[in-house]
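The values are calculated or read from the model by the stated rules, or taken from the named source; none is laboratory data. Computed from a prediction, not measured in an experiment: that's the story for all the values here. No Cβ is skipped: glycine too gets one built from the backbone with ideal geometry, and neighbour counts run over all protein chains shown.
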Amino acid sequence: MTAARALPRRFYLRDPRVAAPELLNKVLFRGSRAGRIVEVEAYAGSEDPASHSFRGQTPRNATMFGPPGRLYVYRSYGMHWCANAVFGEEGFGLAVLVRALVPLHGLELMRADRTACRRDRDLCRGPGRLTQALAITGADDGADLVTGDRSIVIADDGTPPPNEPGVSGRIGVGAAADQPWRWYVAGQVCVSGPRLTPPGSVLR
DNA sequence: ACCGGGATGTTCT
DNA sequence: GAACATCCCGGTG
């Protein structure tokens with residue numbers, strides 16, 4: 001068993017379309033709560049009409065344009081929070097949205113904050129759900145994931161990313177829906193979105 | 001399992 | 001006003 005170690009700054013200093021699949025199977029910690037990342041989406045700044053940073057910096061997306069390795073949190077549909085890790089060189093507005101986790105630690109706290117949730121597998125299944133389960137809000141926007149200044153960290157516990165992650169277009173986006181910038185652990189029941197193929201099945 | 005509608009508020013045209 | 005990187009509930013099959 002390997003002790004979990006926070007990802008170094010250099011991990012984030014890359015194109016999110018390259019780094020995002022490597023985020024799979026890393027562990028997102030928030031205080032005593034934690035979950036394994038099993039679904040992510042990359043957002044590619046000025047090249048990407050679906051990105052919040054596509055039209056340049058605003059008060060909302062300022063964190064995206066800051067240093068890599070910080071947490072960008074925004075409000076979605078007026079009532080949910082969604083959490084991203086900032087990637088690439090400062091000033092480019094690149095990020096990876098964390099869309100789903102397998103709950104690992106602090107399940108009692110997660111259940112308490114997700115009273116509408118019936119099954120544990122749905123605790124962190126979706127970007128709005130996982131922030132609720134980990135108690136991440138807009139107050140956490142700008143947190144440093146490398147130093148853990150607000151007890152939010154992404155760490156490597158020795159579990160490698162999948163050799164062949166599932167790939168698809170991003171969920172819930174209108175523009176650039178055809179870009180294959182969503183990656184997930186194939187067959188994992190905690191992945192969000194419609195059930196595609198059953199675990200282990202092959203395209204036919 | 002899959003669909004449709006409502007909740008709710010910030011951002012931008 | 002419209003669009004939105006969503007979720008939950010209650011229908012139907």
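The table below gives the values:
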| read-out | value |
| --- | --- |
| Which listed residue is surrounded by fewer than 22 Cβ atoms within 10 Å (Cβ to Cβ), β-branched (Val, Ile, Thr) and either under 29 Å from A:Thr2 (Cβ atoms) or in contact with a strand residue (DSSP E or B) (Cβ under 6 Å, 6 or more places away or on another chain) (or both), from A:Thr147, A:Thr115, A:Thr131 | A:Thr147 |
| Test result for A:Val38, under 12 Å from the mean Cα position of the chain (by Cα), among the β-branched types (Val, Ile, Thr) and either within 15 Å of DNA strand B (Cβ to nearest atom) or within 17 Å of A:Ser151 (Cα to Cα) (or both) | no |
| Failed item, numbered, when A:Arg60 is tested on (1) of a type in the set (D, E, K, R); (2) touching a residue at least 12 places away in the same chain (Cβ under 8 Å); (3) assigned to a helix (DSSP H, G or I) | (3) |
| Filter result for the condition that a residue is touching a residue at least 60 places away in the same chain (Cβ under 8 Å) and more than 14 Å from DNA strand C (Cβ to nearest atom), over A:Asp140, A:Asp149 | A:Asp140 |
| Test: residue in segment A:66-83 that is in contact (Cβ under 8 Å) with a residue 12 or more places away in the chain, over 19 Å from A:Asp144 (Cα atoms), among the polar types (S, T, N, Q) and buried (at least 17 other Cβ atoms within 10 Å of the Cβ) | no |
| Unique match (being touching a Ser or Thr at 6+ places or on another chain (Cβ under 8 Å) and closer than 20 Å to A:Gly174 by Cα) among A:Tyr43, A:Tyr74 | A:Tyr43 |
| Criterion violated by A:Gly166 - all others in (1) surrounded by 14 or more Cβ atoms within 10 Å (Cβ to Cβ); (2) free of Cβ contacts under 8 Å to residues at least 40 places away in the same chain; (3) within 26 Å of A:Gly78 (Cα to Cα) satisfied | (3) |
| Residues satisfying the stated conditions in segment A:118-128, i.e. assigned to a loop (DSSP other than H, G, I, E, B) and either among the polar types (S, T, N, Q) or crowded, with 19+ Cβ neighbours inside 10 Å (or both) | A:Leu123, A:Cys124, A:Gly126 |
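Conditions tested, residue by residue: (1) at negative phi; (2) outside any loop (DSSP other than H, G, I, E, B); (3) modelled with pLDDT under 95; (4) buried (at least 18 other Cβ atoms within 10 Å of the Cβ).
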| position | (1), (2), (3), (4) |
| --- | --- |
| A:Thr2 | yes, no, yes, no |
| A:Ala20 | yes, yes, no, yes |
| A:Asn25 | no, no, no, yes |
| A:Ala34 | yes, yes, no, yes |
| A:Glu39 | yes, yes, no, yes |
| A:Ser51 | yes, no, no, yes |
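Per-residue answers, yes or no, for (1) touching a Pro at 6+ places or on another chain (Cβ under 7 Å); (2) farther than 26 Å from A:Val185 by Cα; (3) within 16 Å of DNA strand B (Cβ to nearest atom); (4) at pLDDT below 95:
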| residue | (1), (2), (3), (4) |
| --- | --- |
| A:Phe54 | no, yes, yes, no |
| A:Phe87 | yes, no, no, no |
| A:Val96 | yes, no, no, no |
| A:Leu101 | no, no, no, no |
| A:Asp120 | yes, no, yes, no |
| A:Asp140 | no, yes, yes, no |
